[in-house]
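Peer 1: Have a look at the structure that comes next, please.
The values are calculated or read from the model by the stated rules, or taken from the named source; none is laboratory data. Note that the structure is a prediction, hence the values are computed from the model and not measured. When we count neighbours, we look across all protein chains shown, and the Cβ atoms used for this are built from the backbone with ideal geometry, even at glycine. Side chains are part of the model used for accessible areas, which takes the heavy atoms of the whole protein and leaves out ligands, DNA and RNA. Shrake-Rupley method; radii C 1.70, N 1.55, O 1.52, S 1.80 Å.
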Amino acid sequence: MAEILQILILGLALGGVIALMGSGLSLVFGVMRIVNLAHPSLIIAGAYITYWAFKLLGVDPIVMLPVASVIMAAIGVLLYRLMLERQTKSAKYSEMTVLLTFALAMVVEGALGGLFTNTQRIVSPDYATDAFFIGDLFIPKGQLYAGIVSLTIIVGLTLFLKYSRLGYAIRATTQNREAAELLGVNVNFISVLAFAIGIGLAGAAGSLVSFVFSFFPAKHGEWIAMLMSVVVLGGMGSILGTVVAALFLSVIAAFVGAWIGATWSTLTFFVALFLILLVRPQGLFGEKPEMA
Amino acid sequence: MSELLQVTNITAGYGDGPAILDGAHLTVEPGKVHCIIGPNGAGKSTLMKAICGMLTIRKGDVIFKGKRLNGMRPDQILREGICFVPQERALFPKMTVRENLRMGGFILNDQKELERRIDGILERFPILRERADQHAGTMSGGQQQTLAMARTLIIKPAIVMLDEPSLGLAPKVIQEMFDIMKMMSAEGVTVLLVEQNALMGLKNSDWGVVLDLGRTLFEGPAEMILSDPRIQELYLGGKKAA
Ligand SMILES: Nc1ncnc2c1ncn2[C@@H]1O[C@H](COP(=O)(O)OP(=O)(O)OP(=O)(O)O)[C@@H](O)[C@H]1O
Ligand SMILES: [Mg+2]
């Protein structure tokens, strides 16, 4: 019993972080119908910002989180302007954006590799190696903090989307871009904004990831599959779905890791992605797979 | 005649594609119901999209209250007072009725005033009030169309353009939609409508526009079109229209 509870807690904490990693991807897909294959590589960029701030200046990763988000959000605006804006009128929008974001992922990986080598890194503030003990339960502080901060950010994002005027505009654009435009929403501005928020979330996730997982520039290949499965199971574009799917899959992966073997743990996500696409492509909270 | 909106021989198309409209014109007079008829693919929806700024106008002018609207964005044209309800899919399916109405007033800055107007609309449309917290996508076709039309009233526009509001609705429900249009028009909202069922559309309108192959063939009082034997033959399916 204690063992099950233990695995559950670890799964949920990691699931929180994965939810944050996926939420930006989901938001960008929802508003712009772009599957941003570069998302995980930008998370890694955020992790490096946090890493160097810690290493050179001793800044705590959680303190660095807002800074990393803002830097990455600004990079998001640039990327949108340089790369995606001119695609909006392209007849091959989906193909172009998939290829472009894939190319971007490779460029980011290459650049980070060139700058910082492919050594595994991890940020180690005190709490990353510390833990709470409750009876027999062992709760690593780093994962717990990261999970809590992630879920807090997601709750904030959800409240913003639900209640603010810009949040209304983002949701409206997600559900029906043309109708939103006809009601006076500047959908181009909303696209830039959503992309900036999405990449800002990648930056935030990078700060947390930096002390939870070890990372190196090429790690994003593994993460994109993991995030895809979370976003697809959640129903592409649904933030709530992403969170539920992340927690769900992460708990399953934790059990698989504990009972079958750690090497099988990540495979959980890949198998899930495959099965979901075959059985229920619209995911838990998504629309039927016809997309507008 | 003091026209509210004047479209003069415009040419327009999608992107760099061929001109879909070429020689389309129409005159909209305040307070009346105007109906655009024409066969499938005539360019009726395209004409509405051109007026509301979704397409670039290549030639000709759209003049509203004496102001040229060519080249303005949809949100700017909306602020001028022209509201467009596209054919199907005008709503946000996963927003509630109330949230949809709130989006209808997106351009209003005074949030208190917006809430007051939403309450006013819900007061006037009991079917919407009963479903205020229901997702729009889960309502019946007639209820959704009612919401789409009611939503335009939030910003008190001068002109409401409705693209086939009767599409896919049962005859009894269609009559309700025309009743709402009459009510809108009685309140001083000018209605410009596209209707597939030409006979029905014209019978419920003051002014008719016949569009075919992207150009206006005829425009005039609805009774005149209804009684023109040539137009009857071509666009009203003979004496007895479908
Ligand atoms: N998004 C688009 N891109 C390119 N061409 C389009 C687009 N929408 C419509 N067209 C073309 O424009 C022409 C006119 O279409 P439009 O939708 O305006 O006709 P309509 O009169 O509204 O017809 P219907 O009664 O079927 O609604 C058609 O030939 C159509 O193929
Ligand atoms: Mg049409």
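Peer 1: So B:His25 passes all but one of these: (1) free of Cβ contacts under 8 Å to residues at least 24 places away in the same chain; (2) assigned to a strand (DSSP E or B). Which condition number does it fail?
Peer 2: (1)
Peer 1: Anything in the range B:1-39 that is within 16 Å of ligand 2 (Cβ to nearest atom) and either open to solvent by 10 Å² or more (accessible area, probe 1.4 Å) or on the phi > 0 side of the Ramachandran plot (or both)? List them, or say none.
Peer 2: Those that are within 16 Å of ligand 2 (Cβ to nearest atom) and either open to solvent by 10 Å² or more (accessible area, probe 1.4 Å) or on the phi > 0 side of the Ramachandran plot (or both): B:Tyr14, B:Ile20, B:Gly38, B:Pro39.
Peer 1: Out of everything in the range B:157-177 that is away from every other protein chain (no Cβ under 14 Å) and closer than 30 Å to B:Glu113 by Cβ, what residue ends up being nearest to ligand 2 (Cβ to nearest atom)? Spell out the reasoning first.
Peer 2: Taking the range B:157-177 and keeping what is away from every other protein chain (no Cβ under 14 Å), we get B:158, B:164-177.
Adding the requirement that they be closer than 30 Å to B:Glu113 by Cβ leaves B:158, B:165, B:176-177.
On the way: B:Ala158: 23, B:Pro165: 12, B:Glu176: 21, B:Met177: 16 Å.
Here the residue is B:Pro165.
Peer 1: Sticking with this one: Has the range A:72-80 got any residue that is closer than 24 Å to A:Ile49 by Cβ, among the β-branched types (Val, Ile, Thr) and either touching a Cys at 6+ places or on another chain (Cβ under 8 Å) or at pLDDT 95 or above (or both)?
Peer 2: yes
Peer 1: Pick from B:Gly104, B:Gly66: which is more than 14 Å from every other protein chain (Cβ to nearest Cβ) and within 22 Å of the chain's Cα centre (by Cα)?
Peer 2: None of the other options fit; the residue is B:Gly66.
Peer 1: Can you say whether B:Ala148 is over 21 Å from B:Glu3 (Cα atoms), open to solvent by less than 10 Å² (accessible area, probe 1.4 Å), small (Gly, Ala, Ser) and touching a residue at least 60 places away in the same chain (Cβ under 8 Å), as far as the supplied structure shows?
Peer 2: Considered against the rule, which asks whether it is over 21 Å from B:Glu3 (Cα atoms), open to solvent by less than 10 Å² (accessible area, probe 1.4 Å), small (Gly, Ala, Ser) and touching a residue at least 60 places away in the same chain (Cβ under 8 Å), B:Ala148 comes out as yes.
Peer 1: Only one residue in B:Lys112, B:Lys59 is within 14 Å of another protein chain (Cβ to nearest Cβ) and surrounded by fewer than 21 Cβ atoms within 10 Å (Cβ to Cβ). Which one?
Peer 2: Of B:Lys112, B:Lys59, the one residue that is within 14 Å of another protein chain (Cβ to nearest Cβ) and surrounded by fewer than 21 Cβ atoms within 10 Å (Cβ to Cβ) is B:Lys112.
Peer 1: Go through (1) farther than 30 Å from B:Gly60 by Cα; (2) more than 9 Å from chain A (Cβ to nearest Cβ) for B:Thr152 and report which single condition fails.
Peer 2: So the condition that B:Thr152 fails would be (1).
Peer 1: Scan the range B:200-231 residue by residue and report those that are assigned to a helix (DSSP H, G or I), open to solvent by less than 50 Å² (accessible area, probe 1.4 Å) and over 22 Å from B:Thr146 (Cα atoms).
Peer 2: B:Ala222, B:Ile225, B:Leu226, B:Ile231
Peer 1: Working only within the range A:156-186, note down all residues that are more than 9 Å from chain B (Cβ to nearest Cβ), more than 19 Å from A:Leu20 (Cβ to Cβ), in a helix (DSSP H, G or I) and open to solvent by 10 Å² or more (accessible area, probe 1.4 Å).
Peer 2: A:Tyr163, A:Leu166, A:Arg177
Peer 1: For the range A:11-36, name all the residues that are under 11 Å from the mean Cα position of the chain (by Cα) and farther than 20 Å from A:Thr152 by Cβ.
Peer 2: Once the filter is applied, which keeps residues that are under 11 Å from the mean Cα position of the chain (by Cα) and farther than 20 Å from A:Thr152 by Cβ, the range A:11-36 yields A:Val28, A:Asn36.
Peer 1: A further question follows. Spot the failing condition for B:Leu234; the list is (1) under 18 Å from the mean Cα position of the chain (by Cα); (2) away from chain A (no Cβ under 14 Å); (3) within 16 Å of ligand 1 (Cβ to nearest atom); (4) outside any loop (DSSP other than H, G, I, E, B), and only one is missed.
Peer 2: With (1) under 18 Å from the mean Cα position of the chain (by Cα); (2) away from chain A (no Cβ under 14 Å); (3) within 16 Å of ligand 1 (Cβ to nearest atom); (4) outside any loop (DSSP other than H, G, I, E, B) applied to B:Leu234, the lone miss is (1).
Peer 1: Right, next: Output the number of residues of the range B:85-101 satisfying the condition of being at the interface with chain A (Cβ under 7 Å from one of its Cβ atoms) and open to solvent by 20 Å² or more (accessible area, probe 1.4 Å).
Peer 2: Of the residues in that region, 3 qualify.
Peer 1: Another question, then. Looking at the range B:158-188 only, could you name the residues that are open to solvent by 10 Å² or more (accessible area, probe 1.4 Å), at negative phi and not in a helix (DSSP H, G or I)?
Peer 2: Within the range B:158-188, B:Ala158, B:Ser166, B:Leu167, B:Leu169, B:Ala170, B:Glu187 qualify.
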